1. Output the residues belonging to region 861-905 that are outside any loop (DSSP other than H, G, I, E, B), hydroxyl-bearing (Ser, Thr, Tyr) and more than 22 Å from residue 700 (Cβ to Cβ).
2. Six or more apart or on different chains, Cβ atoms under 8 Å: show the pairs whose first residue is in region 949-972 and buried (at least 18 other Cβ atoms within 10 Å of the Cβ) and whose second is outside any helix (DSSP H, G or I) and modelled with pLDDT under 95.
3. Return the pairs, sorted by first residue and then second, in which the second residue is modelled with pLDDT of 80 or more and part of a helix (DSSP H, G or I), the first residue lies in region 575-601 and is of a type in the set (S, T, N, Q), the beta carbons are less than 6 Å apart, and the residues are 6+ apart or on different chains.
4. Might you let me know whether region 823-845 holds any residue that is in a loop (DSSP other than H, G, I, E, B) and under 21 Å from residue 760 (Cα atoms)?
5. Identify the single condition in (1) farther than 26 Å from residue 803 by Cα; (2) part of a helix (DSSP H, G or I); (3) open to solvent by less than 50 Å² (accessible area, probe 1.4 Å) that residue 588 does not satisfy, given that it satisfies every other one.
6. Give the residues of region 690-731 that are of a type in the set (Val, Ile, Thr) and in a helix (DSSP H, G or I), sorted by residue number.
7. Going by the conditions given, is residue 980 open to solvent by 70 Å² or more (accessible area, probe 1.4 Å) and either over 30 Å from residue 478 (Cβ atoms) or β-branched (Val, Ile, Thr) (or both)?
Amino acid sequence: MALNRSPLSACAEPWSNGAWFSQVSTALSESSSIHSDALCHLTRDFSAISLKPMPYSALDPGGYKEESWAEESQSFLQRNSMQVSPSEDKIPVVGAPSSPEASGDGLYFCDGQRKVDYVLVFHQRRHGSLRSPAMGSVAQDQLSIVSNGNFPPPAGSDAAAGPGGSLRREEAASAGEVFMELGIARGGEPLEAADHEMHLIRQEFEANLLEAGLEVERDSETKPHGPSFTRIHAPWPVLCREAEFLKIKVPTKQSYELKEESGFGSRMSTMWRKLKHPFQPNVSHPDHGSTKFLSHCFSRDKLHMYNITSKDTFFDNATRGRIVYEILRRTVCVRTCQTIGPSMRSCCPALEDGSPFWTRITGISTLIAKGAYDSAFPLHDGDFKVTGHLEERNDRQVLFEEWARYSAFYKYQPIDLVRKYFGEKIGLYFAWLGVYTQLLIPASIVGIIVFGYGVATVDTNIPSLEMCDERLNFTMCPLCDGACDYWHLSTACGTARASHLFDNPATVFFAIFMSLWAVLFLEHWKRRQISLSFSWDLTGIEEDEEHPRPKYETILLQKRQRKQKKKKKKKNETVIEKLTWKDRLPGYFMNISSILFMFGLTFSAVFGVIIYRITVSALMAMSPDPETKSNVRVTVTATAVIINLVVILILDEIYGAVALWLTELEIPKTETNFEERLILKAFLLKFMNAYAPIFYVAFFKGRFAGRPGSYVYVFNNYRMEECAPGGCLIELCIQLSIIMLGKQLIQNNIFEIGIPKLKKLIRALKEKEPTQKQKDEERPPQQWNLDYALAPFEGLTPEYMEMIIQFGFVSLFVASFPLAPLFALLNNVIEIRLDAKKFVTELRRPVAARAKDIGIWYNILSGMGKLSVIINAFVISFTSDFIPRLVYQYMYSQTGTMHGFIDHTLSFFNVSNFKPGTAPPYSDHGDITVCRYKDYREPPWSPDAYQLSKQYWCVLSARLAFVILFQNLVMFLSLIVAWVIPDVPKTIVEQLKREKKLLVNLFLQEEKEKFQLIQSLFVKDATLHSKGQSPSTGQAFPILGRYSTLPSGPMAGEGGGPRVRCRAASFSQFSEKISSSPRKENTNSKHTAV
């Protein structure tokens, strides 16, 4: 190595300040690669040595020649089809096509043949590798490193040029010399330290992607501001390798006939298929009717078993994107604290002795979190609007036409196509949503029947008729102290009649039905989930090993650094592998205290609404306007519920952000662990927020109000509110209906439609308005530009959460509102198409994630189903008048009817026992001596005046007995339903057994053929030796198979290129006819064509 320093460089500032740059010229072999960070570190260390720079002519007799960025990049992008040495940031740069059609609608590389499987986006403010012509005459520090190897010579000018264009022979000869400029910007502007560090990280990361076998392409145009795109393609060998590592199941050539039903079952199935045919989407099904192909985990040794018609289409786009993401997820960058800029040293402090501390940056998620990249995503399959013939539609267009349109609300969802395009995780969500929506149909029908029964019997209901009868003359006690007058019970006739619509004997049946419905829904979903797992080849898959989250790695790195500072003198020190509970203890403490604070905030909001109801009721009762006095309850109830709804919507957004912040404080290791903890916290907070007002009305309102003469006061002035004369159930119905409909209409629909459009508008306004000249020169946007303009996919947690909260409205308090399933059904019909349109047209394509089930959401649903049994039992027992009516009819009624029930539930109060200042000063009803109030208490003339009567204890005992009976009955019936319905359908059990048997037979037959082939080869070899012959050169090694994943070229030891580590050939390769002479293959070909 020769290294000199020029006098000019003696006064240069350090490299890390970005005021000068170093040029590195390397000639590296494949076995001797030097990463860019090591070169930068080495350059900086040698900058303090008094040495003169080696002239460029030492390596290139032709001298150095200034070139543009695109020309310079193409001068050495010769190896492996436009791949470069992993030591440099010379990614293939190409000019953007003038139209999308030139590159296959923006879905292919510039050559129009290689698919764009993934896109990396970063904002390039100043590019540090562009040479300015003005800088050509300036002396520059150079580091010349010559390795002990060389690049393979190009096979010719055409092959060396590659798709990017032809090259001169002199440029091709020096393709192994790599030059790197650091720290200078276009026009001589200095690069910021943080931007320069991000550039180095991207440089090394993309070089490591090339080493992993991926192919990378970048546009030749560079913008001073705005996004820049790096496109990634996975060639066939990489796809095969990763598919084998990920154990992706693919169909084989072996198939079998499905067992068809016969007899009555077959006729019923045929009839059912005919009935469903008008509701089926117009989607081509990949299955072949009664034939099913066996599936097996992909293996490169068994390529002959798969029906590979084309290597470009064997793996669909979603699978290709998932494979590339797995490579991006595990690719590592190694950075040292001495090479990063000052802005990033806070997360990686230097050691006290000044020694470097190496930092591993693993995965694309960590790079996005650190700001090296802005985003990363796979591409959609072109535009979602159909422009040509219907037969030429891509999957995105089919989904838009048959699934994401509101006009297709009556059709079934194309779940298989959704899974193929978006992956199993999103496919399972929409399948679950479809099952939930379908089962809401019978629940809605039963709810309508129950409501209709209440409407039909309202005119014959004896308690309602007694309340509306003015002749009975029930004079009620005042509703407030001092200002309120006595009133007649007949004025609450409308409330009593409305209460009967929801509080009738059919309500008990509906509550039992909905409890069993929840169990039936969960059991049906388990069967549906097993069926989808079988048809999607998810049975027997293993959980993928997850990489730690960026936040976890950062905290762990800081802990290791602190540990190394304390024990730097000890030689034998253990490496910290993970964080312990002690590291998470502050986060746990903050979680508990914050959640308790949020609970207190929710209860404070509910209490605030209670104070509002009490004060407004008192103020309206003091009004001289008789109409205002008569509408006190309706006005106060409606306005209070609206306030509750607004508070719930606001706190929902706050609690979502708080749950995310609290989960980050716990420092979960993996994304799955993070998601589960986030779901639990968000559900706990949002559940309490949504149902706290409803719980208050159902179980607490009117329970602690006291009695006339001994009321409970708030702030010593305001009485606690009481239930309406018809009971609290009608108020619970109003509260539940307004909150449920308001959340669905405002939060689930308006927010989902309006907020994404508002964010898109804000992003558009942030972009600078192009001038007219720029508009004229602007090329049509490519697919990656269109996809980058879409909103990023942020997970399924919000989608599941809103449906889980709705499931609570449908199941928990359904006894008070039988029409809840109907409104949920109408909402979900719109919700499915709204979510579908959002996924197809408004979101970037997510990575196809594999999942066997819906995860923790099933446990939440199961818990809510069990909780609904308890809550409905208490609603029927304590909130409605169902139990008091039964007790009166069978224990106290002299005729065995409901006549006299109202008088039985009203107690007497002597107005002379009012506290001073609480009785009405005057009354429009004349001289009143006794008033009535709703409670079971002794009359004033009893020795135990105003004490709880025997009827109260009898009704309370009956209520508690009903709760116990209801719970045990429903739980028993639920166990019977779960036992009768098996989790795994019988047909799937039989097919799994049959497939396992067929696969075993297939492998045994293959092993038998291999054994026979080996025997024949040994016999042939023995025959040749007995005749004194030796195999020819062409017979010494088998020819590569048709679908071989090994790069073709000269064998090891023949020279002409780098050695290839060969893998054991498949036995199927021996079955091909062996040539007498070796093939003449291009040494630069990457894989064998299919």
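The values are calculated or read from the model by the stated rules, or taken from the named source; none is laboratory data. Given the structure is predicted, the values throughout are model-derived calculations rather than measurements. Every residue, glycine among them, receives a Cβ derived from its backbone with ideal geometry; neighbour counts consider all protein chains shown. Just the protein is used for accessible areas: all its heavy atoms, side chains included, with ligands, DNA and RNA removed. Shrake-Rupley method; radii C 1.70, N 1.55, O 1.52, S 1.80 Å.
1. Quick first cut of region 861-905, residues outside any loop (DSSP other than H, G, I, E, B) only: 861-879, 882-892, 901-905.
Subset that is hydroxyl-bearing (Ser, Thr, Tyr): 862, 868, 877, 879, 888, 890, 892, 905.
Result: 862, 888, 890, 892.
2. That search, which allows pairs on different chains as well, returns 951/936; 955/936.
3. 591/662; 594/662
4. Our first condition is that a residue be in a loop (DSSP other than H, G, I, E, B); within region 823-845, this holds for 844-845.
The next check asks that each one be under 21 Å from residue 760 (Cα atoms); those that pass are 844-845.
Yes.
5. Against the list (1) farther than 26 Å from residue 803 by Cα; (2) part of a helix (DSSP H, G or I); (3) open to solvent by less than 50 Å² (accessible area, probe 1.4 Å), residue 588 comes up short only on (3).
6. Our first condition is that a residue be of a type in the set (Val, Ile, Thr); within region 690-731, this holds for 694, 697, 712, 714, 730.
Scanning region 690-731 gives 694, 697, 730.
7. Numbers: open to solvent by 70 Å² or more (accessible area, probe 1.4 Å): yes; either over 30 Å from residue 478 (Cβ atoms) or β-branched (Val, Ile, Thr) (or both): yes.
Taking the combined requirement at face value, the residue satisfies it.
This table checks each residue for (1) among the hydroxyl-bearing types (Ser, Thr, Tyr); (2) part of a helix (DSSP H, G or I); (3) buried (at least 19 other Cβ atoms within 10 Å of the Cβ).
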{"site": "627", "(1), (2), (3)": "no, yes, no"}
{"site": "634", "(1), (2), (3)": "no, yes, no"}
{"site": "640", "(1), (2), (3)": "no, yes, yes"}
{"site": "650", "(1), (2), (3)": "no, yes, no"}
{"site": "655", "(1), (2), (3)": "yes, yes, yes"}
{"site": "661", "(1), (2), (3)": "no, yes, no"}
{"site": "672", "(1), (2), (3)": "yes, yes, no"}
{"site": "681", "(1), (2), (3)": "no, yes, yes"}
